Amino acid sequence: MSNQLSALLEWCIANGIFIDSQIRIGSDEQGDIGVYATDSFISPKQTLVRIPKDAILSVRTCSLAGFIPFNPYGLGAQLSLSMALYAEMYGAIVSKLHSCVVKSFPLSFHRLKCRESKWFGYIDSFPGEMVDLPIFWGLDVNSQDALEALDWLTGTEAGKMLHGKNEDNLTKLVGTLSISESSPFILLRQKQEEIDNFYYDIAEPLLSRHLEASKPTLMGFHRAFSLVSSRAFLVDAYHGLSMVPIADAFNHSVDNQIHLESDYNVCPECGSLHECPHDRDDVTDVDTKPGSPKNAEDAHDSCYMMVTNAGIPPQAEIFNTYGETLSNSQLLNQYGFVLQSNDNARLSWTMYHIVQHLVVELFSLDWFPNQERRNIVTYMFQVLSALEVEEVESLLSSQSDLIYYEDTKEEHFFLKYEGLSHPLWAILFVLATIRYRHCNGNVDLDPGTLALQTLKLQTTLEALDGNDEDEEQHGNEALSGILKGSDKAAVDILQEIGSLCIALCDHRLRNNGKSDSVDEDLFKLLDELPPDNTRTRLAVSLVITERSILKSCLAGWQSLTRHVSSTLHDLG
Ligand SMILES: C[S@@+](CC[C@H](N)C(=O)[O-])C[C@H]1O[C@@H](n2cnc3c(N)ncnc32)[C@H](O)[C@@H]1O
C-alpha cells in the first residue's frame with residue numbers, strides 16, 4: 001500500500017470515518033485509487049462507509065468558513081468549493097492556524113506541503129497532477145496534442161460544454177421570444193474565462209488576505225477546480241457541493257453497486273435535519289448559530305453513508321455512478337475520462353439553435369413572420385401535452401427507429417442512436433406546421449391532434465420502409481394506399497419534418513470536428529495517431545460517435561422522405 005493510501009486510512013480513523021472490513025481501498029501502478037470487495041460476497045442494502053458530516057470539506061466546514069460565498073449548485077458552487085479546497089491545500093489560515101511550514105509555494109504541482117490542514121491526510125491522497133480536463137487544455141500552449149484535440153472538439157457536444165455556463169437556459173421556450181443579435185445568450189463567455197475571473201476578482205484577494213506564507217496562484221486554483229469538478233458531491237442544502245472523503249474513492253460505472261445516501265432537505269441555515277429555530281419567524285441571533293444538528297437520533301443525522309444497491313462478488317471493484325445518463329462528452333468535461341462503450345451518447349440542440357439555424361439561416365424568413373415566433377411556444381405546449389400519453393410512449397418504443405420517447409417534462413432536444421427525442425421531433429413538427437399554415441392560407445388546425453396523426457403516419461410508414469426487396473412491390477402498394485387515405489396536412493408536414501431534420505443533421509455533421517474533415521476516415525486517423533496523443537485520441541473518438549449518430553439519422557430520414565416523395569409523384 002502506498003504511503004499516501006495508508007496516511008488516508010489513518011486520517012479516516014482519526015476523523016471517525018467507518019470503513020467496513022468487507023471492502024478495501026486499493027491503488028494501481030499509476031496511483032489511481034479504487035474500492036474493492038475483499039473475500040466475501042457483499043449483499044445489497046449494506047452500509048459500507050459512514051462519513052461524519054464534520055469530516056467533509058465544504059464551504060461551511062473549511063478554515064475559511066464564513067468568508068467564502070455559499071452557492072447551492074452549478075459553476076458558482078464549484079468555484080466556491082475550489083476556493084475552500086485551495087485554502088486547505090496551499091496555505092496556513094492566519095485566523096485559525098498560527099504556523100505553517102510553507103514558505104513559498106512552487107508553481108509546479110508538487111505534493112502538499114502544508115500539514116496543518118485538518119484534511120491533510122485526505123487531500124494528500126489526491127492525484128499529484130491536475131485532473132486533465134478539456135477546459136484547461138487551451139492553457140497548455142506548447143502541447144500540439146492539446147491544440148489538435150481542441151480543434152477536433154469544435155462543434156461537438158464536449159466543445160459546446162466548454163463554452164457558456166448559461167447554455168441550459170437556451171433550451172427554455174421563452175428563449176425563442178428574444179432571438180436577436182443582442183440576445184444575452186449570444187454573449188456567452190467561455191467557462192474557463194469565468195473561472196479565471198472568479199479567481200482574480202474573488203479568490204485571490206481573499207486567499208491573499210488569509211494565507212500567511214504562500215502566495216496563491218491561478219495554476220493552483222485551476223488544480224483545486226479540477227479536483228472539485230472530478231470528485232465533489234452535492235450532499236445537502238446546508239453543505240451544498242462538498243468533498244466527501246472515501247465516497248470519492250469509488251470509480252464510475254453506469255451499472256453501479258453503491259451510492260451515497262444523504263438527506264438533502266436539511267435546514268439551509270444550520271444543517272439540522274429536524275425542526276430548528278430557523279423554522280420559526282421570531283428567530284434570534286442566539287438561536288441561529290450553525291453547528292451540529294440538535295436532537296440527533298440516528299446515523300442519518302450526523303453521517304453520510306455509502307450503501308450498496310446490488311450484490312458484489314468477492315474481489316470485484318465496487319462502482320458508484322456519477323450520473324446514470326452521463327454521456328462521454330459530459331464525463332470528459334467534468335471528470336477527464338470516457339467509457340469504452342456508453343449508451344448515453346447523444347447530440348443536443350437548444351431551442352435557439354434550432355429556430356435560429358433552421359428558420360433564419362437555412363430557409364428564407366418570408367414564411368416565418370415575427371408573430372409566428374409566439375406560436376412556437378403555444379404550439380409546442382399543445383404538442384408536448386398531446387404526446388404525453390402512454391400510447392405514444394409505447395408506439396415509439398415498439399415502432400420507431402427515428403424517434404424515441406424522452407422521459408422528461410423538459411424540452412430536451414436530443415439525437416441518439418435511437419433517433420430524435422420526442423421534444424426534438426415536436427419542435428420540428430411545430431416549425432413544419434407553421435410553414436404549412438403559411439403556405440395554405442393560414443388554415444386553422446389543432447396542433448395536438450395533427451401531431452398525433454402525423455406521428456402515427458410516420459410509424460406506419462417506418463414499418464413499411466423496413467421491408468426487404470421481395471416485399472418492395474407489396475410495400476409500395478401499401479404505401480400508396482396509406483398516403484391516399486391520409487390527411488394531406490399530415491403527409492405534407494411529415495415531409496417537411498424530414499427536410500428540417502436532414503438540414504439540421506447535415507449542418508451539424510459538416511460543422512462537427514476539425515474543419516473540412518467530414519469525409520476523413522477517422523478510424524484510420526486514430527490508428528495513425530501516436531498513443532501518447534491521448535487528448536486528440538479522446539476528442540476524435542467523440543467525433544466518431546457523434547458523426548455515426550448523425551449519419552444514421554440522416555440515412556433513416558432520407559430513406560423515409562424519398563419513398564414518400566416518389567410514391568406521391570407516382571400518385572400524381
Ligand atoms: C472521484 S475520483 C475516483 C477515484 C480516483 N480513481 C482516484 O484515484 O482518486 C474520479 C476520478 O477517477 C477516475 N475514474 C473514475 N471512474 C473511472 C472510469 N470508469 N474509468 C476511468 N477513470 C475513472 C477519473 O480520473 C476521475 O476523474
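The values are calculated or read from the model by the stated rules, or taken from the named source; none is laboratory data. Bear in mind that the values here come from a model prediction, so they are computed numbers and not experimental data. For neighbour counting, all protein chains shown are included, and Cβ atoms are generated from backbone atoms with ideal geometry for every residue, glycine included.
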Residues satisfying the stated conditions in the stretch 309-333, i.e. more than 15 Å from the ligand (Cβ to nearest atom) and surrounded by fewer than 20 Cβ atoms within 10 Å (Cβ to Cβ): Asn309, Ala310, Gly311, Pro313, Pro314, Gln315, Thr325
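Name every residue in the stretch 228-242 that is within 13 Å of the ligand (Cβ to nearest atom) and out of contact with any Asp or Glu (no Cβ under 9 Å at 6 or more places or on another chain), in order of residue number. If you could, list the steps in order and put the result at the bottom.
Let us first name the residues in the stretch 228-242 that are within 13 Å of the ligand (Cβ to nearest atom), namely 228-233, 242.
Passing the criteria: Val228, Ser229.
Here is a yes/no grid of residues against (1) farther than 30 Å from Thr325 by Cβ; (2) in contact (Cβ under 8 Å) with a residue 60 or more places away in the chain; (3) not assigned by TED's automatic domain parsing to the domain that holds His357:
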site: Tyr405; (1), (2), (3): no, no, no
site: Lys416; (1), (2), (3): no, yes, no
site: Ile427; (1), (2), (3): no, yes, no
site: Leu457; (1), (2), (3): yes, no, no
Total residues in the stretch 339-353, condition farther than 13 Å from Asn251 by Cβ and within 16 Å of the ligand (Cβ to nearest atom): 6
Quick check: is even one residue across the stretch 480-501 under 30 Å from Leu150 (Cα atoms) and either in a helix (DSSP H, G or I) or at pLDDT below 95 (or both)? yes
Residue ID - nearest to the ligand (Cβ to nearest atom), chosen from residues in the stretch 16-49 that are crowded, with 18+ Cβ neighbours inside 10 Å and either in a loop (DSSP other than H, G, I, E, B) or of a type in the set (Ser, Thr, Tyr) (or both): Ile17
From the set of residues in the stretch 243-270 that are in contact with a strand residue (DSSP E or B) (Cβ under 7 Å, 6 or more places away or on another chain) and more than 21 Å from Gly26 (Cβ to Cβ), which is farthest from the ligand (Cβ to nearest atom)? Val266
I'd like to know if the stretch 442-459 contains one or more residues that are modelled with pLDDT under 90 and small (Gly, Ala, Ser). no
Residue by residue through the stretch 281-322, note down the ones that are among the hydroxyl-bearing types (Ser, Thr, Tyr), assigned to a loop (DSSP other than H, G, I, E, B) and at pLDDT 55 or above. Thr284, Thr321, Tyr322
